[in-house]
Amino acid sequence: NAEQYFRELLDKRERRYEDLCRNIISDMNQYGLSVVDDFLGMETGLKILNEVRSMYNAGAFQDGQVVTNQTPDAPAVRGDKIRGDKIKWVGGNEPGCSNVWYLTNQIDSVVYRVNTMKDNGILGNYHIRERTRAMVACYPGSGTHYVMHVDNPQKDGRVITAIYYLNINWDARESGGILRIRPTPGTTVADIEPKFDRLIFFWSDIRNPHEVQPAHRTRYAITVWYFDAKEREEALIRAKLENSKTNNLAAQAQAQQAEPDS
Ligand SMILES: Cn1c(O)c(C(=O)NCC(=O)O)c(=O)c2ccccc21
Ligand SMILES: [Mn+2]
């Protein structure tokens, strides 16, 4: 009967979800990164893509960082600075961002789940309670890239990077834009295509230097970073100490200047 059918459907969905979380746990423990394809399905993915496109076309993205021309051999002629990635920070439920907001909720439930499941290995060392806002990024596609870097080299609290890609029929052979992660220690690299409805996770710290190779087609991605409560707290305390130290130095310098020569 119908009730039986729906119960089985839900059970199947729940099992699929469990399997998904199990796979992420084993990937993160084994490789420090995990790739999930078809995360939300075509229909939902398209809604997010259209929302991001309309934000971009409305000029809501900050101008990307200015980078010199991409061709290293040609002399950097004045004025050939091109704009790199352009980004827009999306908080919670601002108007016109409901689909991005839905996405971040879906990623949240996976991350909070894998963080609390039993036998989750390294993930069990973290206590993830909050994340950054969502960073919506667009590479305009004129060969723009992002240099090799570590997201969190200095223990600012971010432990997991989650990136959701929106690029339909992406073919890296003609469009480039590959995310290359060079897990350390290790000698292999992971080349990840920014494919539509693909969600990836990787440790945000020095274990995962990565770069975005030059993109020759508009390349959209949405990133959220998850904090470990302890590392985040310690980072905030350090920042406060640093702050008060610099304030004191400034105040002292001010005071010394003000004092008449003794
Ligand atoms: C635009 N963009 C990024 O694309 C990546 C990044 O690592 N992207 C990986 C990817 O898109 O596959 C970043 O890490 C990043 C950090 C600060 C500001 C902008 C940034
Ligand atoms: Mn990065």
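For the reader, a short list of remarks on this structure follows.
- FRET efficiency for R182 and K12, using Cβ-Cβ distance with R0 set to 45 Å, rounded to 0.05: 0.75
- Value of Rg to Rh for the chain (Rh from inverse mean 1/r over Cα pairs, i.e. Kirkwood): 1.06
- Carbon plus sulfur fraction of accessible area for the chain, probe 1.4 Å, in percent: 53
- For segment 108-204: rounded, prolate or oblate by the Cα gyration tensor [a/c cutoff 1.5]: prolate
- Extension gain (nm, one decimal) between Q252 and R133, 0.36 nm per residue minus Cα-Cα: 39.1 nm
- Overall form of segment 164-262 per C-alpha gyration tensor (a/c, 1.5; a/b vs b/c): prolate
- A straight chain from I237 to A58 at 0.36 nm per residue would run longer than the Cα-Cα distance by 60.6 nm.
- When the chain is described by a simple charge dipole with +1 on each Lys and Arg Cβ and -1 on each Asp and Glu Cβ, the residue from L40, Y126, I24 located farthest towards its positive end is L40.
- Relative contact order of segment 153-231, pairs being alpha-carbon contacts under 8 Å that are 6 or more residues apart, as %: 48
- For segment 98-148, the solvent-accessible area with a 1.4 angstrom probe is 48 square angstrom per residue.
- Across segment 128-140, coupling constants 3J(HN,Hα) worked out from phi with the 6.51/-1.76/1.60 Karplus curve, θ = phi - 60°, read 9, 10, 8, 9, 6, 5, 7, 9, 8, 10, 10, 9, x Hz, and Gly and Pro carry x.
- Backbone N under 11 Å from the V189 label point (7 Å along Cα→Cβ), restricted to segment 211-236: 211-214
- Taking every C-alpha pair closer than 8 Å and separated by at least 6 residues, the mean separation divided by the residue count of the chain gives a relative contact order of 23 percent.
- Solvent-accessible heavy-atom area per residue, rounded to whole Å², over segment 180-225 at 1.4 Å: 38
- Normalised contact order of segment 120-262, rounded percent, pairs of Cα under 8 Å and 6 or more residues apart: 38
- Among the listed pairs K195/K240; K88/K155; K88/K195; K47/K155; K12/K118, those whose Cα-Cα separation exceeds 30 Å are K195/K240; K47/K155.
- Across segment 200-214, computed HN-Hα scalar couplings (Karplus, 6.51 cos²θ - 1.76 cosθ + 1.60, θ = phi - 60°) run 10, 10, 7, 4, 7, 8, 5, 5, 10, x, 8, 9, 9, 6, x Hz from first to last residue, x flagging Gly and Pro.
The values are calculated or read from the model by the stated rules, or taken from the named source; none is laboratory data. Computed from a prediction, not measured in an experiment: that's the story for all the values here. Because the Cβ atoms are built from the backbone with ideal geometry, glycine has one as well, and the counts that use them run over all protein chains shown. The protein model used for the area step is the full one, side chains on, heavy atoms only, and it has no ligands, DNA or RNA in it. Shrake-Rupley method; radii C 1.70, N 1.55, O 1.52, S 1.80 Å.
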